[in-house]
1. Whether any residue in region 74-81 is open to solvent by 40 Å² or more (accessible area, probe 1.4 Å), in contact with a strand residue (DSSP E or B) (Cβ under 8 Å, 6 or more places away or on another chain) and either touching a residue at least 60 places away in the same chain (Cβ under 8 Å) or part of a helix (DSSP H, G or I) (or both) is what I want to check.
2. Considering only region 144-167, state which residues are part of a loop (DSSP other than H, G, I, E, B) and either open to solvent by less than 40 Å² (accessible area, probe 1.4 Å) or among the aliphatic types (A, V, I, L, M) (or both).
3. Count, please, the residues in region 82-108 that happen to be within 22 Å of ASN68 (Cα to Cα), under 13 Å from the mean Cα position of the chain (by Cα) and open to solvent by 10 Å² or more (accessible area, probe 1.4 Å).
4. Among (1) crowded, with 21+ Cβ neighbours inside 10 Å; (2) under 20 Å from LEU130 (Cβ atoms); (3) not β-branched (Val, Ile, Thr), which single condition is PRO21 missing?
5. Scan region 146-166 and give yes if some residue there is modelled with pLDDT of 95 or more, in contact with a Pro (Cβ under 6 Å, 6 or more places away or on another chain) and of a type in the set (Lys, Arg), otherwise no.
6. Can you tell me which residues in region 51-73 are in contact with a Phe, Trp or Tyr (Cβ under 8 Å, 6 or more places away or on another chain), in a loop (DSSP other than H, G, I, E, B) and open to solvent by 20 Å² or more (accessible area, probe 1.4 Å)?
7. List, please: which pairs have Cβ atoms under 8 Å, are six or more places apart or on different chains, and start with a residue in region 37-51 that is under 22 Å from ARG147 (Cα atoms) and end with one that is modelled with pLDDT under 85?
8. Which residues, counting only those in region 118-143, are part of a loop (DSSP other than H, G, I, E, B), closer than 23 Å to HIS40 by Cα and within 18 Å of the chain's Cα centre (by Cα)?
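The values are calculated or read from the model by the stated rules, or taken from the named source; none is laboratory data. Keep in mind it's a predicted model, so treat the numbers as computed, not measured. Cβ placement follows ideal geometry from the backbone for every residue including glycine, while neighbour counts extend to all protein chains displayed. Side chains are part of the model used for accessible areas, which takes the heavy atoms of the whole protein and leaves out ligands, DNA and RNA. Shrake-Rupley method; radii C 1.70, N 1.55, O 1.52, S 1.80 Å.
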Amino acid sequence: MLCSSEMHLLNRYGETITDGPGLRYSIYLAGCPHRCPGCHNPQSWDPAGGIPLDELVLEGIIEEILDNPLLDGITISGGDPFMFPDELAVLTKRLKEETGLPILCYTGYTIEQIETNPTLSKPLPYIDLLIDGPFVMALKKPDLLFRGSSNQRLIDLNERRNSALLR
């Protein structure tokens, strides 16, 4: 069951090509501790924005995803989805298990901050691609693929996990 006391849904887009590779279902969550100057989505900063992401809402999202055979993946954005890592772990696990689609997640934290924090790292096993790092206005680069500033990285977590196994 999704712990809905914290996590709120701001919006969802059934089909988008701007939030990651291919045709994606995008979920925008409320709440962001980073509050980056120049953020394109400052309305997402308030963790109480939108509606609670409860079990009924999640079931509707999963049904919408399963009803669209053209989808290539799921994107979770915000705000910063990692603001509520326990709930994000439950959400990503359910989405992965019930849809089988790859999950891309945006965060203002770096992968190094996430991996060294046992709480923040809980969702990582269910995420395939991570776009990490805060938006930095001085490094804004509109031509980057799926990112806003050049410090942000697109990290293939499956490749990262596989290379860690080979060490």
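1. Within region 74-81, none of the residues are open to solvent by 40 Å² or more (accessible area, probe 1.4 Å), in contact with a strand residue (DSSP E or B) (Cβ under 8 Å, 6 or more places away or on another chain) and either touching a residue at least 60 places away in the same chain (Cβ under 8 Å) or part of a helix (DSSP H, G or I) (or both).
2. LEU144, LEU145, GLY148, GLN152
3. The number of residues fulfilling the criteria is 3.
4. Result: PRO21 fails condition (1) only.
5. no
6. Across region 51-73, the qualifying residue is only ASN68.
7. TRP45/CYS39
8. GLY133, PRO134, PHE135
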